[in-house]
Amino acid sequence: MIPFNKPHLTGKETHYIYEAVQSLHLSGNGMFTKKSHAFFQEKYDFKKCLLTSSCTDALEMASILINIEPGDEVIMPSYTFVSTANAFVLRGAKIVFADSLPGHPNMDTSKLEALITDKTKAIVPVHYAGMACEMDEIMALAKKYNLYVVEDAAQAVDSFYKGKPLGSIGHLATFSFHETKNIISGEGGMLVVNDEKLFKRSEIIWEKGTNRSAFFRGEVNKYGWVDVGSSYLPSEVVAAFLYAQLENLEDIQSRRKGIWNTYYEGLSGLEEKGFLKLPKLPNGATNNAHMFYVVCESFEKRSELISHLKDKEIMSVFHYLSLHKSPYYEAKHDGRTLEMSDYYEDHLLRLPLFYDLTEEEQSKVINEINAFFEN
Ligand SMILES: *Cc1c(COP(=O)(O)O)cnc(C)c1O
(Lines give C-alpha, C1' and ligand atoms only; values in the text may rest on other atoms or scores of the structure.)
Protein backbone atom coordinates (compact mmCIF):
# COMPACT_ATOMS: atom_id res chain seq x y z
CA MET A 1 0.00 0.00 0.00
CA ILE A 2 1.28 3.51 -0.81
CA PRO A 3 0.35 5.38 2.38
CA PHE A 4 -1.07 8.88 2.41
CA ASN A 5 1.69 10.09 4.72
CA LYS A 6 4.92 8.73 6.12
CA PRO A 7 6.97 10.74 8.66
CA HIS A 8 10.43 11.62 7.36
CA LEU A 9 13.48 11.32 9.60
CA THR A 10 16.39 13.56 8.62
CA GLY A 11 19.00 11.56 10.56
CA LYS A 12 19.94 13.58 13.61
CA GLU A 13 16.70 13.32 15.56
CA THR A 14 17.76 10.53 17.91
CA HIS A 15 21.24 12.04 18.27
CA TYR A 16 19.78 15.33 19.50
CA ILE A 17 17.33 13.50 21.75
CA TYR A 18 20.32 11.66 23.24
CA GLU A 19 22.04 15.01 23.81
CA ALA A 20 18.94 16.40 25.50
CA VAL A 21 18.77 13.35 27.75
CA GLN A 22 22.47 13.54 28.60
CA SER A 23 22.15 17.22 29.49
CA LEU A 24 19.60 16.23 32.13
CA HIS A 25 17.43 19.16 31.15
CA LEU A 26 14.31 17.27 30.10
CA SER A 27 11.55 19.75 30.90
CA GLY A 28 10.75 22.64 28.57
CA ASN A 29 12.55 25.84 27.57
CA GLY A 30 16.06 24.37 27.48
CA MET A 31 18.75 24.55 24.80
CA PHE A 32 16.81 22.92 21.94
CA THR A 33 13.71 25.01 22.61
CA LYS A 34 15.83 28.17 22.53
CA LYS A 35 17.64 27.09 19.36
CA SER A 36 14.30 26.42 17.67
CA HIS A 37 12.92 29.82 18.73
CA ALA A 38 16.06 31.53 17.41
CA PHE A 39 15.85 29.63 14.12
CA PHE A 40 12.35 30.92 13.40
CA GLN A 41 12.98 34.44 14.68
CA GLU A 42 16.05 34.87 12.49
CA LYS A 43 14.85 33.14 9.35
CA TYR A 44 11.28 34.48 9.16
CA ASP A 45 11.37 37.69 11.13
CA PHE A 46 8.87 36.35 13.68
CA LYS A 47 8.99 38.73 16.65
CA LYS A 48 8.63 36.19 19.47
CA CYS A 49 8.29 32.41 19.26
CA LEU A 50 7.06 29.96 21.89
CA LEU A 51 7.10 26.23 21.16
CA THR A 52 3.95 24.43 22.28
CA SER A 53 2.81 20.82 22.49
CA SER A 54 0.57 21.30 19.45
CA CYS A 55 -0.92 23.91 17.16
CA THR A 56 -4.15 23.32 19.08
CA ASP A 57 -2.35 24.50 22.25
CA ALA A 58 -0.96 27.52 20.41
CA LEU A 59 -4.47 28.45 19.28
CA GLU A 60 -5.74 28.10 22.86
CA MET A 61 -2.93 30.36 24.05
CA ALA A 62 -3.89 32.90 21.38
CA SER A 63 -7.47 32.83 22.57
CA ILE A 64 -6.43 33.52 26.18
CA LEU A 65 -3.92 36.15 25.08
CA ILE A 66 -6.47 38.28 23.21
CA ASN A 67 -8.90 37.95 26.14
CA ILE A 68 -11.71 36.12 24.40
CA GLU A 69 -14.79 36.28 26.64
CA PRO A 70 -18.26 34.72 26.41
CA GLY A 71 -20.21 36.43 23.65
CA ASP A 72 -17.20 37.64 21.67
CA GLU A 73 -17.37 36.81 17.99
CA VAL A 74 -14.50 35.30 16.02
CA ILE A 75 -14.55 35.05 12.22
CA MET A 76 -12.88 32.08 10.51
CA PRO A 77 -13.46 29.73 7.58
CA SER A 78 -15.84 26.81 8.01
CA TYR A 79 -13.53 24.70 5.88
CA THR A 80 -10.80 24.08 8.47
CA PHE A 81 -9.67 21.71 11.21
CA VAL A 82 -11.76 21.68 14.41
CA SER A 83 -8.97 23.14 16.56
CA THR A 84 -9.17 26.49 14.76
CA ALA A 85 -12.66 26.92 16.18
CA ASN A 86 -12.47 24.84 19.35
CA ALA A 87 -9.73 27.00 20.88
CA PHE A 88 -12.02 30.04 20.84
CA VAL A 89 -15.20 28.13 21.73
CA LEU A 90 -13.45 26.90 24.90
CA ARG A 91 -13.39 30.53 26.12
CA GLY A 92 -17.01 31.19 25.21
CA ALA A 93 -16.65 32.74 21.76
CA LYS A 94 -19.33 32.57 19.12
CA ILE A 95 -17.81 31.47 15.82
CA VAL A 96 -18.95 33.32 12.71
CA PHE A 97 -18.04 31.07 9.81
CA ALA A 98 -16.92 32.51 6.49
CA ASP A 99 -17.23 30.82 3.12
CA SER A 100 -14.31 29.74 0.93
CA LEU A 101 -13.28 31.35 -2.35
CA PRO A 102 -14.73 29.85 -5.54
CA GLY A 103 -11.23 29.04 -6.81
CA HIS A 104 -9.49 28.09 -3.54
CA PRO A 105 -10.44 26.68 -0.11
CA ASN A 106 -9.09 29.83 1.62
CA MET A 107 -11.77 32.13 3.01
CA ASP A 108 -13.36 34.68 0.71
CA THR A 109 -12.18 38.05 2.05
CA SER A 110 -14.61 39.99 -0.16
CA LYS A 111 -17.40 38.70 2.10
CA LEU A 112 -15.72 39.33 5.46
CA GLU A 113 -16.73 42.91 6.17
CA ALA A 114 -20.43 41.96 6.15
CA LEU A 115 -19.72 39.50 9.01
CA ILE A 116 -18.17 42.08 11.35
CA THR A 117 -20.35 43.33 14.24
CA ASP A 118 -19.55 45.33 17.39
CA LYS A 119 -18.94 42.00 19.14
CA THR A 120 -16.27 40.84 16.68
CA LYS A 121 -12.90 40.49 18.36
CA ALA A 122 -10.72 38.58 15.94
CA ILE A 123 -10.32 37.17 12.44
CA VAL A 124 -8.57 33.82 12.07
CA PRO A 125 -7.40 33.24 8.50
CA VAL A 126 -6.30 29.67 7.74
CA HIS A 127 -3.62 29.39 5.06
CA TYR A 128 -5.00 26.27 3.43
CA ALA A 129 -2.40 23.94 1.87
CA GLY A 130 0.19 26.47 3.07
CA MET A 131 -1.08 28.99 0.51
CA ALA A 132 -1.60 32.53 1.76
CA CYS A 133 -4.94 34.16 2.44
CA GLU A 134 -5.39 37.71 1.14
CA MET A 135 -3.59 39.24 4.11
CA ASP A 136 -3.57 42.86 2.86
CA GLU A 137 -7.38 42.89 2.83
CA ILE A 138 -7.61 41.07 6.17
CA MET A 139 -5.12 43.37 7.93
CA ALA A 140 -6.89 46.44 6.52
CA LEU A 141 -10.24 45.24 7.92
CA ALA A 142 -8.61 44.45 11.27
CA LYS A 143 -7.19 47.96 11.43
CA LYS A 144 -10.46 49.62 10.45
CA TYR A 145 -12.49 47.72 13.08
CA ASN A 146 -9.76 47.30 15.70
CA LEU A 147 -9.63 43.49 15.57
CA TYR A 148 -6.92 40.96 16.25
CA VAL A 149 -5.68 38.71 13.46
CA VAL A 150 -4.52 35.21 14.43
CA GLU A 151 -3.02 33.38 11.44
CA ASP A 152 -3.67 29.65 11.58
CA ALA A 153 -0.43 28.82 9.81
CA ALA A 154 -0.50 25.14 10.87
CA GLN A 155 0.22 24.10 7.27
CA ALA A 156 2.18 27.15 6.25
CA VAL A 157 5.79 26.76 7.36
CA ASP A 158 8.22 28.40 4.89
CA SER A 159 5.50 30.01 2.80
CA PHE A 160 5.08 33.67 1.84
CA TYR A 161 2.59 36.39 0.95
CA LYS A 162 3.92 39.15 -1.27
CA GLY A 163 7.40 38.37 0.03
CA LYS A 164 6.43 38.30 3.73
CA PRO A 165 6.69 35.00 5.61
CA LEU A 166 3.31 33.60 6.68
CA GLY A 167 3.15 33.84 10.45
CA SER A 168 4.84 37.25 10.46
CA ILE A 169 1.81 39.28 9.39
CA GLY A 170 -0.95 38.78 12.00
CA HIS A 171 -0.76 39.93 15.63
CA LEU A 172 -0.39 36.24 16.42
CA ALA A 173 0.20 33.08 14.40
CA THR A 174 0.18 29.37 15.13
CA PHE A 175 2.13 26.52 13.54
CA SER A 176 1.85 22.73 13.74
CA PHE A 177 4.62 20.13 13.80
CA HIS A 178 2.23 17.18 13.83
CA GLU A 179 3.66 14.25 11.89
CA THR A 180 1.44 15.01 8.88
CA LYS A 181 2.98 18.46 8.37
CA ASN A 182 6.18 19.45 6.47
CA ILE A 183 8.34 19.86 9.59
CA ILE A 184 7.48 17.47 12.40
CA SER A 185 8.09 16.53 16.02
CA GLY A 186 5.36 13.90 16.39
CA GLU A 187 2.97 16.24 18.12
CA GLY A 188 4.13 19.82 18.34
CA GLY A 189 3.40 23.43 17.57
CA MET A 190 4.40 27.03 18.04
CA LEU A 191 2.82 30.35 18.92
CA VAL A 192 4.28 33.39 17.16
CA VAL A 193 3.69 36.73 18.86
CA ASN A 194 4.27 39.69 16.55
CA ASP A 195 2.44 42.34 18.62
CA GLU A 196 4.93 43.58 21.23
CA LYS A 197 2.14 44.48 23.64
CA LEU A 198 1.42 40.74 23.99
CA PHE A 199 5.01 39.57 24.59
CA LYS A 200 5.08 39.60 28.36
CA ARG A 201 1.74 37.97 28.93
CA SER A 202 2.40 35.28 26.30
CA GLU A 203 5.30 33.91 28.36
CA ILE A 204 3.19 33.92 31.51
CA ILE A 205 0.34 31.99 29.88
CA TRP A 206 2.95 29.56 28.48
CA GLU A 207 4.42 28.96 31.97
CA LYS A 208 1.22 28.04 33.86
CA GLY A 209 0.29 31.61 34.73
CA THR A 210 3.61 32.31 36.46
CA ASN A 211 6.40 34.80 35.73
CA ARG A 212 8.93 31.96 35.71
CA SER A 213 10.54 33.03 32.42
CA ALA A 214 11.25 36.52 33.76
CA PHE A 215 12.63 34.93 36.96
CA PHE A 216 15.10 32.77 34.98
CA ARG A 217 16.28 35.85 33.12
CA GLY A 218 16.92 37.48 36.52
CA GLU A 219 14.29 40.20 35.96
CA VAL A 220 12.39 39.38 39.17
CA ASN A 221 13.77 37.81 42.35
CA LYS A 222 10.93 35.37 42.96
CA TYR A 223 8.28 33.87 40.75
CA GLY A 224 4.63 33.26 41.44
CA TRP A 225 1.12 33.11 40.12
CA VAL A 226 0.40 36.32 38.23
CA ASP A 227 -2.26 35.41 35.62
CA VAL A 228 -4.17 32.51 34.09
CA GLY A 229 -2.17 29.99 32.08
CA SER A 230 -1.50 26.35 31.54
CA SER A 231 1.29 23.93 30.70
CA TYR A 232 1.91 24.59 27.04
CA LEU A 233 5.67 23.90 26.76
CA PRO A 234 6.92 20.77 25.03
CA SER A 235 9.72 18.85 26.74
CA GLU A 236 13.29 19.18 25.49
CA VAL A 237 13.01 15.68 24.00
CA VAL A 238 10.40 16.98 21.58
CA ALA A 239 12.31 20.20 20.89
CA ALA A 240 15.46 18.17 20.14
CA PHE A 241 13.58 16.17 17.51
CA LEU A 242 12.19 19.37 16.03
CA TYR A 243 15.57 21.07 15.84
CA ALA A 244 16.99 18.22 13.75
CA GLN A 245 14.15 18.78 11.28
CA LEU A 246 14.69 22.53 11.20
CA GLU A 247 18.35 22.06 10.27
CA ASN A 248 17.11 20.18 7.20
CA LEU A 249 14.27 22.51 6.27
CA GLU A 250 15.71 23.55 2.88
CA ASP A 251 16.21 19.93 1.82
CA ILE A 252 12.73 18.89 3.00
CA GLN A 253 11.11 21.80 1.19
CA SER A 254 12.93 21.26 -2.08
CA ARG A 255 12.09 17.55 -2.13
CA ARG A 256 8.40 18.21 -1.37
CA LYS A 257 8.22 20.91 -4.05
CA GLY A 258 9.71 18.49 -6.57
CA ILE A 259 7.01 15.93 -5.78
CA TRP A 260 4.31 18.61 -5.95
CA ASN A 261 5.47 19.80 -9.39
CA THR A 262 5.60 16.24 -10.70
CA TYR A 263 1.95 15.76 -9.68
CA TYR A 264 0.99 19.03 -11.31
CA GLU A 265 2.65 18.15 -14.60
CA GLY A 266 1.44 14.55 -14.55
CA LEU A 267 -2.20 15.51 -14.00
CA SER A 268 -2.50 18.71 -16.02
CA GLY A 269 -3.74 16.79 -19.07
CA LEU A 270 -6.80 15.77 -17.05
CA GLU A 271 -7.49 19.37 -16.14
CA GLU A 272 -7.26 20.42 -19.80
CA LYS A 273 -9.86 17.77 -20.63
CA GLY A 274 -12.12 19.05 -17.84
CA PHE A 275 -12.00 15.89 -15.67
CA LEU A 276 -10.74 17.63 -12.53
CA LYS A 277 -9.22 20.85 -11.23
CA LEU A 278 -5.70 21.31 -9.89
CA PRO A 279 -4.65 23.68 -7.08
CA LYS A 280 -4.38 27.37 -8.06
CA LEU A 281 -2.08 29.73 -6.19
CA PRO A 282 -4.00 32.70 -4.77
CA ASN A 283 -2.68 36.22 -5.60
CA GLY A 284 0.62 36.97 -3.91
CA ALA A 285 0.92 33.45 -2.44
CA THR A 286 3.75 30.93 -2.69
CA ASN A 287 3.49 27.17 -2.59
CA ASN A 288 5.25 25.39 0.29
CA ALA A 289 4.20 21.97 -1.02
CA HIS A 290 2.34 21.04 2.13
CA MET A 291 -0.38 19.28 0.22
CA PHE A 292 -1.35 18.16 -3.26
CA TYR A 293 -5.07 18.01 -3.91
CA VAL A 294 -7.38 17.61 -6.87
CA VAL A 295 -10.95 18.86 -7.07
CA CYS A 296 -13.29 16.29 -8.64
CA GLU A 297 -16.38 17.22 -10.65
CA SER A 298 -18.79 15.49 -8.27
CA PHE A 299 -19.03 13.73 -4.93
CA GLU A 300 -19.72 10.43 -6.75
CA LYS A 301 -16.65 10.80 -8.99
CA ARG A 302 -14.51 11.43 -5.92
CA SER A 303 -15.83 8.32 -4.17
CA GLU A 304 -15.17 6.23 -7.29
CA LEU A 305 -11.64 7.65 -7.59
CA ILE A 306 -10.91 6.87 -3.92
CA SER A 307 -12.02 3.25 -4.36
CA HIS A 308 -10.17 2.88 -7.67
CA LEU A 309 -6.97 4.06 -5.97
CA LYS A 310 -7.60 1.84 -2.97
CA ASP A 311 -7.97 -1.16 -5.31
CA LYS A 312 -4.56 -0.26 -6.71
CA GLU A 313 -3.16 0.01 -3.16
CA ILE A 314 -2.95 3.78 -3.05
CA MET A 315 -4.33 5.75 -0.10
CA SER A 316 -6.01 9.07 -0.87
CA VAL A 317 -8.00 11.05 1.67
CA PHE A 318 -10.51 13.87 1.77
CA HIS A 319 -11.01 16.12 4.75
CA TYR A 320 -12.76 18.96 6.48
CA LEU A 321 -16.42 18.44 6.99
CA SER A 322 -17.71 22.03 7.05
CA LEU A 323 -17.66 23.06 10.72
CA HIS A 324 -20.90 25.07 10.46
CA LYS A 325 -22.75 21.81 9.76
CA SER A 326 -20.93 19.70 12.39
CA PRO A 327 -23.00 17.91 15.04
CA TYR A 328 -21.47 20.16 17.71
CA TYR A 329 -21.93 23.51 16.01
CA GLU A 330 -24.89 23.22 13.62
CA ALA A 331 -27.46 24.47 16.13
CA LYS A 332 -25.18 27.35 17.16
CA HIS A 333 -24.50 28.45 13.57
CA ASP A 334 -26.53 31.41 12.29
CA GLY A 335 -28.05 29.37 9.45
CA ARG A 336 -26.23 30.87 6.46
CA THR A 337 -25.37 28.32 3.78
CA LEU A 338 -21.70 28.28 2.88
CA GLU A 339 -21.74 26.94 -0.61
CA MET A 340 -18.04 26.82 -1.40
CA SER A 341 -17.08 25.28 1.95
CA ASP A 342 -19.56 22.48 1.27
CA TYR A 343 -18.22 22.21 -2.28
CA TYR A 344 -14.66 21.50 -1.08
CA GLU A 345 -16.01 19.11 1.58
CA ASP A 346 -17.56 17.04 -1.22
CA HIS A 347 -15.08 17.42 -4.10
CA LEU A 348 -11.53 17.81 -2.80
CA LEU A 349 -9.17 14.82 -2.62
CA ARG A 350 -5.62 14.74 -1.22
CA LEU A 351 -2.89 12.57 -2.72
CA PRO A 352 0.11 10.95 -1.00
CA LEU A 353 2.84 13.56 -0.53
CA PHE A 354 5.79 12.85 1.72
CA TYR A 355 9.57 13.16 1.49
CA ASP A 356 10.22 9.45 1.03
CA LEU A 357 7.63 8.88 -1.70
CA THR A 358 9.67 7.22 -4.46
CA GLU A 359 9.61 8.16 -8.12
CA GLU A 360 8.10 4.76 -8.90
CA GLU A 361 5.36 5.14 -6.33
CA GLN A 362 4.49 8.61 -7.56
CA SER A 363 4.38 7.46 -11.20
CA LYS A 364 1.98 4.75 -10.14
CA VAL A 365 -0.32 7.29 -8.45
CA ILE A 366 -0.26 9.57 -11.51
CA ASN A 367 -0.79 6.70 -13.97
CA GLU A 368 -3.68 5.25 -12.00
CA ILE A 369 -5.47 8.60 -11.80
CA ASN A 370 -5.00 9.13 -15.53
CA ALA A 371 -6.20 5.58 -16.24
CA PHE A 372 -9.30 6.12 -14.09
CA PHE A 373 -10.44 9.15 -16.09
CA GLU A 374 -9.31 8.01 -19.54
CA ASN A 375 -11.27 4.75 -19.34
C1 LIG B 1 -2.93 20.37 11.65
C2 LIG B 1 -3.81 21.57 11.83
C3 LIG B 1 -4.16 22.06 13.10
C4 LIG B 1 -3.86 21.31 14.37
O5 LIG B 1 -2.54 21.07 14.60
P6 LIG B 1 -2.08 20.14 15.87
O7 LIG B 1 -0.62 20.43 15.95
O8 LIG B 1 -2.40 18.74 15.47
O9 LIG B 1 -2.83 20.60 17.05
C10 LIG B 1 -4.89 23.23 13.19
N11 LIG B 1 -5.26 23.90 12.10
C12 LIG B 1 -4.97 23.47 10.85
C13 LIG B 1 -5.41 24.27 9.68
C14 LIG B 1 -4.25 22.28 10.68
O15 LIG B 1 -3.96 21.84 9.45
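The values are calculated or read from the model by the stated rules, or taken from the named source; none is laboratory data. Model, not experiment: these values are computed from the prediction. Here the Cβ positions follow ideal geometry from the backbone for every residue, glycine too, while neighbour counts run over all protein chains shown. Quick note on the areas: whole protein, heavy atoms, side chains included, nothing else; ligands and nucleic acids left out. Shrake-Rupley method; radii C 1.70, N 1.55, O 1.52, S 1.80 Å.
Of the accessible area of region 13-246, computed with a 1.4 Å probe over protein heavy atoms only, carbon and sulfur atoms account for 54 percent.
For region 326-337, putting each phi into the Karplus relation 6.51 cos²θ - 1.76 cosθ + 1.60 with θ = phi - 60° gives couplings of 5, x, 6, 9, 3, 6, 8, 5, 6, x, 4, 7 Hz, in residue order, rounded to whole numbers and with x for Gly and Pro. Using the Cβ-Cβ distance between K111 and K6 with R0 = 35 Å, the FRET efficiency computed as 1/(1 + (r/R0)^6) comes to roughly 0.40. Rounded, prolate or oblate: which fits region 1-45, taking a ≥ b ≥ c as square roots of the Cα gyration tensor eigenvalues, rounded meaning a/c under 1.5, else prolate when a/b beats b/c? Oblate, since a/c reaches 1.5 and b/c is not below a/b.
Overall, the anisotropy analysis places the chain in the oblate class: the square-rooted eigenvalues a ≥ b ≥ c of its C-alpha gyration tensor yield a/c not less than 1.5, with a/b not exceeding b/c.
Among beta bridges from DSSP that stay inside region 13-246, the antiparallel ones total about 50%. Counting only aspartates and glutamates at least 8 places from K119 when in the same chain, those with an alpha carbon closer than 19 Å to its own are E69, D72, E73, D334.
For the listed peptides 237-244, 210-217, a ranking on the average number of other beta carbons within 10 Å per residue, highest first, reads 237-244, 210-217. Extension gain, K197-K325: 0.36 nm per intervening residue step, less the Cα-Cα distance, totals 42.4 nm. Comparing H15, H171, H104 in a Gaussian network model of the chain (Cα springs below 10 Å), the most mobile by mean-square fluctuation is H15. Please label the shape of region 1-118 as rounded, prolate or oblate, based on the square roots a ≥ b ≥ c of the eigenvalues of the alpha-carbon gyration tensor (a/c under 1.5 means rounded; beyond that, a/b larger than b/c means prolate, else oblate). Because a/c hits 1.5 or more and a/b exceeds b/c, region 1-118 counts as prolate.
Compute the accessible area per residue over the chain, keeping the other protein chains in place, probe 1.4 Å, unit Å². Could the numbers behind the result be given before it?
Working: 16230 Å² over 375 residues.
Per-residue accessible area for the chain comes out at 43 Å².
Less than 12 Å Cβ to Cβ from L353, Lys/Arg counted +1 and Asp/Glu -1: what total charge do the surrounding residues give? Neighbour charge sum, excluding L353 itself: +4. Residues considered: S176, S36, S23. Largest GNM mean-square fluctuation over the chain, using C-alpha springs under 10 Å, is found at S23.
Looking only at region 180-200, which residues have a backbone nitrogen under 15 Å from a spot 7 Å from the Cα of K47 in the C-beta direction? 191-200, by backbone N distance to the label point.
Build a GNM of the chain with springs between Cα atoms under 10 Å: which of A114, A154, A129 gets the top mean-square fluctuation? Maximum among the listed residues: A114.
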